[in-house]
1. Given axes a ≥ b ≥ c from the Cα gyration tensor, I'd like to know whether the range A:337-412 is rounded (a/c under 1.5), prolate (a/b larger than b/c) or oblate.
2. Determine the dipole magnitude for the range A:21-73: charges of +1 sit on the beta-carbon of Lys and Arg, -1 on that of Asp and Glu, nothing else is charged, the reference point is the Cα centre, and the result goes in debye to the nearest 20.
3. Tabulate in residue order the Karplus-calculated ³J(HN,Hα) for the range A:286-299, using 6.51 cos²θ - 1.76 cosθ + 1.60 with θ = phi - 60°, rounded to whole Hz; enter x for Gly and Pro.
4. Provide Rg and Dmax in Å for the range A:211-295, with only Cα atoms included in the calculation.
5. Could you tell me which of the pairs A:LYS191/B:LYS69; A:LYS313/A:LYS355; B:LYS4/B:LYS69; A:LYS287/A:LYS313; A:LYS191/A:LYS284; B:LYS109/B:LYS130 are separated by over 27 angstrom between their Cα atoms in the structure shown?
6. Need one value for A:38-50: mean number of C-beta atoms belonging to other chains within 10 Å of its residues' C-beta atoms.
7. I'd like the distance separating the alpha-carbon centroids of the range A:211-257 and the range A:356-386, in whole Å.
8. If you place +1 on the Cβ of every Lys and Arg and -1 on the Cβ of every Asp and Glu, how big does the dipole about the Cα centre of the range A:196-351 come out, in debye to the nearest 20?
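Every number here is computed from the coordinates shown, using simple stated rules; none is lab data. Just so we're clear, the structure is a prediction, and the values are computed from it rather than from any experiment. Virtual Cβ from ideal backbone geometry, glycine too; neighbours counted across all protein chains shown.
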Amino acid sequence: MKKSSDKPIELILFSVLDRVFAIDQEYLVEVLESTVASQLPFVPDYVDGLINVNGHILPQVDLAALVFGSDYIRPLGSKFHTVLIVCVEGVNLAFRVGQVQESATIVEADIQKNKPARKSKKNAKSDKDQVDEYSIGKFKHNENQVILLDADALKDVIKANETVGGKQGFLGKVAEQKHDEEKFQGYLIVKVSDNEYAFALNDVYEINVLDTIYPQPRAPVHIAGVSLIREEPRLILNLSELVGEQTNAASAGSVVMIQSGDIFCGLLISKLCGLEMISEHQIKVDKDKGLKTILRGDTLTKVIDINELFTDKVLKLIKPYMPDQKAMDEKIIIKQVEMVRFEMNGSAYGLNVKKIHRVVSDKTIEPLLSKHGCIMGTMELEGRVIPVINLYEQLGYPAEDAVFREYIVVNDGENDWGLAINETDQIIKIDENKIDAVNDKDMKYVSAFSSYNGGLLTILNVDAICKDNRHTATV
Amino acid sequence: MFNKYIHVQCEEYSLLLDIRWVEEVINITSDTDVSSEVSWRKQKIPFIDLTQILIGHKPKNNKHCIIIKDDEKHLALGVGQVAQIQSIKDDDFEDLPNLDFPFNDYFDKAYMKDSGKQCVYRMRNLLQVKAVTNKLTK
C-alpha cells in the first residue's frame, strides 16, 4: 500500500485462531460463508483447494496455515467459517479465516511496521510462523494488537495465469447447459451354444473353470452334475437348458457361479467371452416382454436375469440335488462316518456301512420270470432268497455290458436286498461335517455328497433305492 | 463442440479423461498383478497407480485400470473407479490456476460439477507428459 502518512486507511478486522488480523478494505471483494473446497493434489498444506465463487474458480488458502505454519495447533472452539475474497492487481484470492469482527480506520502513523527481513522462498512449505512475511506491521485497536496483512505479499502466494487473449487470473464460469450423462455398468459376456448372453457383473459371484463335472443319476437335463469347488460340492446347471438353447452333455468347462436367494450354483457355459463396460444408452428394456438387452456394436445381446432363471418349475427339478451350504461351526469332536466306496460308470459312490449287512461275491443270480422294476433276479443268502437290484439300471446307467462281481447286502428296515455292482473299493471314513446332505423332501437315490481324496463321492440313499422296488418283490 | 470424457474417481479427486485416448477399461481383481507393468492383450505395458500418485500413499482399493494410448504406445492407469461418461463442451472448461505445483503436469483444465460445488479436473494424456514418461523409462 502506498498512501500518505495521514490519509485514513479503512480496514476490516477478522480473527485467525486467537489473533486479530486486518486487511485494507480496498482489496476486499466479498465476504462469504466457508464452503468445501475441491481438493488439489501436489499443493502445500495451506492450499485448501478450489472453490466456486459466483461462477468463478478460485484457489482457497487457509490463512492460519499460511501465516502460522502447517503445524499450527487449533485452539479448542476455534472455527473457520468465513472466506474473504481479496483482489490484488486483478487477481482474486480466497482466504479462509475465523470470524469477521468489525471495521476500523487508522492512519499510517498508527502502524508499528515490521523490521525488514529476508523474504522466505516463494511457495515454500509453511512449516513455521511467517506472520512477519505476510504482514506490514501491527497496530493497537480497542486494547487488542491487530496484525495488518500485506496484500502484495498475499498475491505472491498464488500466481495468476494469463491466457492468450488477455484473460487474466483463473476465473471460471459454471456451465448452464445440461449435458448428457451416461453411467457405466459392467457386464460379463458369455457364449451358450452358439449365442452370446450377458450377466450384470453384480449378479456374478465368481467364475470357475472345472476339470470334472460329475453327472447325477436320473437327473433332469437342467442339471449338468455336481462338481467340487474348493472341496465343496456345488450343483452345476446347464445354462443352455435354462435359456432354451441346445444342450450338449459336458463333463468339464467354465461355470458362472451365482447366488439367488438360497440357490447357490454354477451355470455351465460354452465359452467366456469377456467383460465389457456398457453405458446406459446401450441398454434396452422391453417391459412388455420382460426382456433386457444390450447393444454391442450392431449386435443385441440378451441380459440374463438370474432371478427369473429359477422358475417354480425349475426349482422343483433342481432342489433335490442342491447340496446344503453347511456352516463350519466350531468343532469339538469330529464324528466320522464309515462308508463302503465303489465305482460305477466312472463315478465314486458310497454306502453307509450301518445300512450294509455284508458284501458277497461269486453268487448265482436266478433271473425272474418277468421284469419287475430294476430287480435282475434273486440270490441265495444264509438259507434265504433275497431280491437283487441291478444298481446300474437303478441309477440310469447303461447296464447291458455291466459285469457284476459283488453284491452289497443291505436292509431297508424291513427286508434284505442285494445291490449288484462291479466290485467294492474300500471302506473309508469321512468327517460327518464334510457330508453335504441334499434336500430331503424330494430325494431320489442320492442322500448326500462329500469329497474323498480330491474327488466327489455321491452317497446313495439305500432306503429310496429299495423302496422303489419293494412293491415288485414277491419272494 | 462436445467431447466425451470418462469420469473417474480417485479417492477424493474427480477426473475426466478424453475418451479418444482410452483403449480399454479393465477390472482390477485380487488376482491382477499390478506392479510396474501389467499384462494386457499378450503384451506387457507400463502401469501407473494414478490414485497413489494423487493422494500420496497406497490407495485402499483401485477397482479399475484404464488403458490409454498415444500412437502405438500404451499406458495402464490404476484408478479408484470409473463412474460415468460425460459429454462436455470445450468452452465449459476453465483454466486452472498456475500455482507452480506439479498438478499442472497432470491436469490442464477444470470443469465445475454439481451446480459448481465440485471441481473436476481434466487429465492430460500422460503419455505426452515428459514428467511422467521420464519416470517410466527409468
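1. Oblate, because a/c is 1.5 or more while a/b does not exceed b/c.
2. Numbers: 0 positive and 8 negative charges, 30 e Å.
Computed charge dipole of the range A:21-73: roughly 140 debye.
3. 9, 5, 5, 8, x, 10, 10, 10, 10, 8, 10, x, 10, 10
4. Just the Cα atoms of the range A:211-295 yield Rg and Dmax of 15.2, 46 Å.
5. A:LYS191/B:LYS69; A:LYS313/A:LYS355
6. Working: counts 11, 8, 11, 14, 11, 6, 2, 0, 0, 3, 0, 3, 8.
That works out to 6 on average.
7. 35
8. My answer is approximately 300 debye.
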